[in-house]
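Notes for the one structure printed next.
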Amino acid sequence: MAWFILRRLISICLSAFLAITLSFLLLHLVQGDSAEASLFQSAASDDVLERRREALGLDLPVLAQYGRYLRQLSNGDLGKSWFGGQSVALLIGQQVGPTISLASSATVVAIVLGVGLGILSAAKTGCWVSHVSRVMTGASLALPVIFTGVVFVWVFSVLLGWLPATGQGGFRHLILPASVVGISAGGGIARAVDAGISDILRQPFMRTALAKGLSRWRALSRHGFRVGLLPVVDVVALEFGYLLGGTVITESLFARQGIGRVLVTAVLNKDIPVVLGVVVLSVVLYSLLNLFADVTHTWLDPRIRMTL
Amino acid sequence: MQFAPPTLEHGLGMDQLGRDVLSRVVWGTRSSLFGAALSTFFAVGLGLMLGGAAGVLGGWVEWLLMRCVDVLLSFPGLLLALVAVAILGDGRWPASVAIGLSLTPMYARWIRAMMLSIRETLFVEAVYALGASRWRVLWHHLLPNSMGQIATMSTVVYARALTNGAALDFLGVTGSPSVPSWGRMISEGRAFLGIAPLIAVVPGVLLTISVISVMELGDFWRIRR
């Protein structure tokens, strides 16, 4: 087990390194000049320009800048924003809280919705319940977040006036954005659950369980779910990673603070260090989530533990 | 004539600047559908090249390409598109290319998987035995035999390109605000949901209908084959 985790950690480090290198070089090679241009638009004299460029390390060749960035990164320093000059780590650290609370509450919505729909689709095959829940799964996969978001705001805050449409705050401010993101993520989970349970229902041990007189529901809940819901762990971890990205739109839509807003502003300003910081954060988070899913999976499923 | 209600002359009423919403929707349709087509074209072209190269050449080329694809796939699609916009610059064309780029890894992975399955079939072995080169096998046998699947996958890519394109438009990172697009109309119109909901809701409905239609088309092709 330790060996397995170690191997995964090494491959994670390699991928993260590759991703950071790729994005650093591409961002600096392609956008470096125009970013500098927009950065120095306001500055007065060449003298001032030169000093600022030196202060940011932009006078060095790209490879030297890259080396410097890696050295900083190994100390946990993500550099400074070109606009405003705050530390990128601090900037992201301040904004990561709202994003995580949105992503985790959206995950709860997605799990409840996805597992519910998936189980109904698989366990009630042939019944209208199954058809309805499969249609709902399809809708959840097809509906764009911006559309559901706008419709939810329109219906629940403008027409009905039940919930606040924008802003930060308590639980009430979280309901709409979390449902919008959760609904769009629930479809994937529902598909996985549906496939998992349908597969279980064809297994010999389920036939045995049914043959000894258990009802379909009881057989599933006593014997089926433990095995059939295993894929959910993987999907949920994946979806959580995607949710951190998916909150980009929702944060804009509901005027919330968070990483998504930071990224969009950075892209608009061509604030390369901040863009890179978000890249680093998401690579690390995503890899750790994947590792977590793998470990949980092995822990839950003795069959995999054997083969390790 | 701000927020004029729908009339016969102006089918969907007017927006905050007194512009005709229906004609903006029509123009938005053009830029949204065309932008997504461009992204798809780009993703399919590049994905075919990368996935095809990996599938046909095998060996270290395949290993390296697939490693890169794995790394890119570990980003959420929209994040990748945003980073690509940061690299390529904002504007209609760069944004479409950025979305295409962000969808390429997924497509390349599919293509390679498909190539692998066809590569193992007997007829390909027979063609190799007849002395055909790898490129002949690729152009005359692998590609023609996977056209159906390629088309089906492209519909999925197109649907995603539509959604992500609208999302980028919505976020306002795709250049000039004067060119209407569905995403931008939704973004502008959501402030006026109380007075004139049609400005935001109609483009949203059109976007949804387009995405679902494209996905249905893909399903239809898959089932018919």
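Evaluated at 25 °C with a viscosity of 0.890 mPa s, what Stokes-Einstein diffusion coefficient in µm²/s does the protein assembly as shown have when Rh comes from the Kirkwood expression over alpha-carbon pairs?
My calculation gives 97 µm²/s for D.
Please state the equivalent ellipsoid semi-axes for segment B:22-224: what are the square roots of 5 times the Cα gyration tensor eigenvalues, largest first, in whole Å?
Details: eigenvalues 288, 65, 28 Å².
Working through the eigenvalues yields semi-axes of 38, 18, 12 Å.
Once every DSSP H run of n ≥ 4 in chain A is given -39500 (n - 2.57) and the sum is divided by its residues, what mean residue ellipticity at 222 nm do you get, rounded to the nearest 500 deg cm²/dmol?
Here the helix-only value at 222 nm equals -25000 deg cm²/dmol.
Which value, in Å to one decimal place, does the Kirkwood hydrodynamic radius take for chain A when every pair of different Cα atoms is included?
22.3 Å
How big is the B-A contact in terms of buried accessible area, both chains counted, 1.4 Å probe, rounded to the nearest 100 Å²?
For chain B against chain A, roughly 3200 Å² becomes buried.
Under a crude label model (7 Å from the Cα following the beta-carbon direction), how far is A:D199 from B:R134 in nanometres?
3.3 nm
Report the FRET efficiency, 1/(1 + (r/R0)^6), for B:R30 and A:Q168, where r is their Cβ-Cβ distance and R0 is 25 Å, rounded to 0.05.
Here the calculated transfer efficiency is 0.10.
Need one value for A:11-17: mean number of C-beta atoms belonging to other chains within 10 Å of its residues' C-beta atoms.
Taking the mean over all residues of the peptide, I get 2.
On C-alpha positions alone, give me the angle between the axis of helix B:21-57 and the longest principal axis of chain B, in degrees, nearest 10.
Between the helix axis and the principal axis of chain B, the angle is about 10 degrees.
Any chance you could tell me what percent of the C-alpha pair distances in segment B:121-208 go past 16 Å?
Counting every Cα pair in segment B:121-208, those more than 16 Å apart make up 66 percent.
Between A:F83 and A:R207, 0.36 nm times their residue separation minus their Cα-Cα distance comes to what?
38.2 nm
How high is the relative contact order of chain B? Use alpha-carbon pairs under 8 Å, at least six apart in sequence, and give a whole percent.
Answer for chain B is 24 percent.
What nm distance separates the two modelled labels at A:A139 and A:L90, each placed 7 Å from Cα along Cα→Cβ?
Distance between the two pseudo-spin positions: 4.8 nm.
Please report, ordered by residue number, every helix of chain A (full DSSP H runs) that is 27 Å or longer along its axis going by C-alpha atoms and whose mean Kyte-Doolittle hydropathy reaches 1.0.
Going by DSSP H runs, the hits are A:2-26, A:88-123, A:171-201, A:230-253, A:272-300.
Among A:P164, B:S31, A:A2, which residue has its Cα positioned farthest towards the positive end of the charge dipole of the protein assembly as shown, with +1 placed on the Cβ of Lys and Arg, -1 on the Cβ of Asp and Glu, and the dipole taken about the Cα centre?
A:A2
Do any residues of segment B:70-103 show a loss of at least 40 square angstrom of accessible area between the isolated chain and the full protein assembly, using a 1.4 Å probe, and if so which?
B:V71, B:S74, B:F75, B:P76, B:L78, B:L79, B:L82, B:V83, B:A86, B:I87
Consider just the alpha-carbon atoms of segment B:83-161 and return their Rg together with their Dmax, both in angstrom.
Here Rg and the maximum Cα pair distance are 16.6, 51 Å.
If you roll a 1.4 Å probe over the protein assembly as shown with all protein chains in place, what percent of the accessible area is carbon or sulfur?
The computed percentage sits at 67.
At 0.36 nm per residue, minus the direct Cα-Cα distance, what do A:L159 and A:V62 gain on full extension? Give it in nm, one decimal, please.
Here the segment from A:L159 to A:V62 would lengthen by 29.5 nm.
Going by a 1.4 Å probe on protein heavy atoms, which residues of segment A:128-165 end up with at least 30 Å² less accessible surface in the whole assembly than in their chain alone?
Checking the loss per residue gives A:A142, A:P144, A:I146, A:F147, A:V150, A:W154, A:V158.
Under 17 Å from a label point 7 Å along Cα→Cβ of B:I195: give me every residue in segment B:20-35 with its amide N that close.
Once the point is set 7 Å along Cα→Cβ of B:I195, B:20-22 turn out to lie under 17 Å by backbone N, inside segment B:20-35.
Over chain A, what is the relative contact order in whole percent, taking alpha-carbon pairs under 8 Å and six or more residues apart? Before the final figure, lay out each step's value.
On the way: 347 pairs, mean separation 75.6, N = 308.
Relative contact order of chain A: 25 percent.
What does the accessible area per residue of the protein assembly as shown come to in Å², with a 1.4 Å probe and no ligands, DNA or RNA counted?
It amounts to 48 Å² per residue over the protein assembly as shown.
What trypsin sites (Lys or Arg not before Pro) in segment B:86-172 are in a loop by DSSP, with at most 14 other Cβ atoms within 10 Å of the Cβ?
none
With chain A treated as a Gaussian network of Cα nodes joined by springs under 10 Å, which of A:Q94, A:Q203, A:Q65 yields the largest mean-square fluctuation?
Result for chain A, Cα springs under 10 Å: A:Q203 fluctuates most.
State, to one decimal in nm, how far the label point of B:Q2 lies from the label point of B:D70, with both points 7 Å from Cα in the Cβ direction.
About 5.6 nm separates the two model spin labels.
The values are calculated or read from the model by the stated rules, or taken from the named source; none is laboratory data. Small disclaimer: the values here were computed from a predicted structure and weren't measured. We place every Cβ from the backbone using ideal geometry, glycine too, and count neighbours over all the protein chains shown. To get the accessible areas, we keep the full protein, side chains included, count just its heavy atoms, and leave off ligands, DNA and RNA. Shrake-Rupley method; radii C 1.70, N 1.55, O 1.52, S 1.80 Å.
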